[in-house]
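Here's the structure, in structure tokens; my notes come after.
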Amino acid sequence: MSERKPGRGEVAEERTLGDPLTRKDLFRWAAVGGALIALPASASEAFASSSRFGRFEAVRGGVLKMARNEEPQSFDPIVPGDNGSIYTIQQIFDQLTRLNHDSTFIAPGLARSWDISADRKTYTFHLRDAQFSNGAPVTADDVVFSLGRTFDPKLCFYSFLFASVKSVKKLNNKTVQIKLAEPNTPLLENLSVFAASIVPKAVVTKDRKGFAQHPVGSGPFALKKFSKGRLTHLVRNSHYWQKGKPYLNEVMMFYVPDDNTRILKLQAGEVDVATLIPYSQISRLDRGDTSVKIEPLFRWDGIWLNHAKKPLDDKNVRQALNYATDKKALVDRVLFGKAQVANHMMPKHRYWKSSVKAYPYDISKAKKLMAASSVPNGFSAKVVVPTGDTIVSQVAQVIKQSWAQIGVNVTIQNLDAGTAATNWVNGDFTIGTNWYVTSDVTAPDEPAGIEFDYGAPGGFHSAFANYKSARASQLIHQAARTHDEKVRARLFGQLQQVVMDDAYGIALFFSPARTGLRSTVKNFHTLRTGWWRLEETWLQT
């Protein structure tokens, strides 16, 4: 299929599958002066799958069994911030926009198209015909109600993404308008975030608390059962707007936090998919009836430092810990060379600069910084490690030995993931190895705002690390206001250098998705944001 250029005010035709729309295209079309914009459908809408096991035509039916290392804490999109919840919410709900297949930009979601005013402060969204899993139609009233919750900093952590929104209103049953106080370049991308999921107004207003455990969405699957600590059971949404999808009848997500247990279940055929395969086991599993699919992620792994806890409020101490951590050795020996040493304190994203230097391993430099710090004789600290995570456990043992050389006495504190996450949100930690950052959208504004903008609406307080930098906040806000790609690249490059110099945390590595699959699993794909397009996955019978 070839593409015809749209004329002024004319709906743009969808591009050939696999031809992603770039931000440059968006502004080129918007510059026409309010031309209606319809972005391309996902490249994965083709009805075939290719892999190490060959190429097959998609078939419907079957139950996909997954072993995950995380489980949901809530199913209400405005409540959680953990990936156990987020990745499941993305299977149950839709947003106005959604990620394209290559995770390079966005594509139409519940909004089939939209137009943008010349001053970039008015966005008008035109809704497609869609239904929630209970059969009720998705209306403009539902969209206005849903976004009203998302934009409220008293209700939603992620409201900071929409701080520039002045109003959201219904124009008719299929049209919604958002007005901004000032231009916000990543708005379309931010509207694809899980927290901006569209929920049925009638259901939520009837039982707000109950909705968090009994969600109703318009996504490809619906929740059948949740058993905390054991299972999340999803079934096909028969009302899903993408015709013919999902292919699967059901998805059963088993909570298996122990790495070795997930591997054993995959090998025994008890599950079809196992997430986050340890690097040391990849070669062993990538044979016979199993394979390991490695895909790039917007993911940053690091060691978290609570700046509100002394002596971590001292930049000399934070920098010393960075110099005393041998990141390259960790990548080579623990990750088997399958990751990249991080030169940023957030995921490797658009505008990432290779010229910013990572902290090298330099014990001599670290000792000098400690000598000039508020604790020249060293200090003791607990380092949180989640139970069952073999990689993080190895990292913790390495830093315990390495940091001892500069007078830092580490006590490893093993906690289950749920307790560790609760403590993190409450600021009840000093140093943590168990948290990583993944970006939920294709623009870097989201992770930057979460991690480095202390005063952002929603109360993240720099991802609960209590990092305060007026310069970092200024750069983030300036980047959001401009649509000039060169300016955004320059500002985000400056931000990268600022947070590295400030030693926000311990930058370890940029790591990929490592998913173990049985040979019967076809068209399984991890987006760079970390979740999966399970509506496109199918099982060979």
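What the table shows:
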{"quantity": "Relative exposure of T175, T529, T411, judged by other C-beta atoms within 10 Å (fewest first)", "calculated": "T411, T175, T529"}
{"quantity": "Relative contact order for the stretch 299-510, counting Cα pairs under 8 Å that sit 6 or more residues apart, in percent", "calculated": "35"}
{"quantity": "Karplus-derived 3J(HN,Hα), 6.51/-1.76/1.60, for each residue of the stretch 203-211, Hz, glycine and proline x", "calculated": "6, 5, 5, 6, 8, 4, 5, x, 4"}
{"quantity": "The stretch 377-495 - charge dipole about Cα centre, Lys and Arg +1 at Cβ, Asp and Glu -1, debye rounded to 20", "calculated": "420"}
{"quantity": "Long-range amide H partners of I412 with built H, under 5 Å", "calculated": "V383"}
{"quantity": "Where labels lie 7 Å past Cα in the beta-carbon direction, separation of H239 and K357 in nm", "calculated": "5.9"}
{"quantity": "Sum of -39500 (n - 2.57) over DSSP H runs of 4+, divided by residues of the chain (222 nm, nearest 500)", "calculated": "-7500 deg cm²/dmol"}
{"quantity": "Ranked list, fewest to most other Cβ atoms within 10 Å of each Cβ, for E270, E57", "calculated": "E57, E270"}
{"quantity": "For V410, V395, order by how many other beta-carbon atoms lie within 10 Å, fewest first", "calculated": "V410, V395"}
{"quantity": "Antiparallel bridges, percent of DSSP beta bridges restricted to the stretch 299-510 (to nearest 5)", "calculated": "50"}
{"quantity": "Theoretical FRET efficiency, 1/(1+(r/R0)^6), r = Cβ-Cβ of K206 and R60, R0 35 Å, to 0.05", "calculated": "0.55"}
{"quantity": "Rule-of-thumb Rg ratio for the stretch 299-510 [Cα; 2.2 N^0.38 Å; N residues]", "calculated": "0.98"}
{"quantity": "Relative contact order computed over the chain (Cα-Cα under 8 Å; 6+ residues apart), in percent", "calculated": "19"}
{"quantity": "Reachable lysines from K328, criterion Cα separation under 20 angstrom, eight or more residues apart if same chain", "calculated": "K338, K348, K353, K357, K365, K367, K400"}
{"quantity": "Contour excess over end-to-end distance, with Cα ends at A181 and Q401 and 0.36 nm allotted per residue", "calculated": "74.0 nm"}
{"quantity": "Net charge dipole size for the stretch 47-159 [Lys, Arg +1 and Asp, Glu -1 on Cβ; Debye, nearest 20]", "calculated": "360"}
{"quantity": "Whole-Hz couplings from phi, Karplus 6.51/-1.76/1.60, listed for the stretch 60-68; x for Gly and Pro", "calculated": "9, x, x, 10, 8, 10, 10, 10, 10"}
{"quantity": "5 angstrom amide H check on G109, placed H, neighbours 5+ away", "calculated": "T97, R98"}
{"quantity": "Per-selection Rg to Rh, the stretch 485-541 - Cα, Kirkwood hydrodynamic radius", "calculated": "1.23"}
{"quantity": "Rounded Å value of the spacing that divides the Cα centres of the stretch 94-159 and the stretch 333-407", "calculated": "40"}
{"quantity": "For L231, distant residues with modelled amide H under 5 Å away", "calculated": "Y255"}
{"quantity": "In Hz, Karplus ³J(HN,Hα) per residue of the stretch 402-419 (6.51, -1.76, 1.60; θ = phi - 60°; x = Gly, Pro)", "calculated": "5, 5, 4, 5, 10, x, 9, 9, 9, 10, 7, 10, 7, 9, 5, 4, x, 5"}
{"quantity": "Rounded D (µm²/s) - the chain, Kirkwood Rh over Cα pairs, Stokes-Einstein at 4 °C, 1.567 mPa s", "calculated": "54"}
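Since every read-out is calculated from the coordinates, none of them should be taken as a lab result. The structure presented is a predicted model; accordingly, all values stated were derived computationally and were not measured. Positions of Cβ are backbone-derived with ideal geometry, glycine not excepted, and every protein chain shown enters the neighbour counts.
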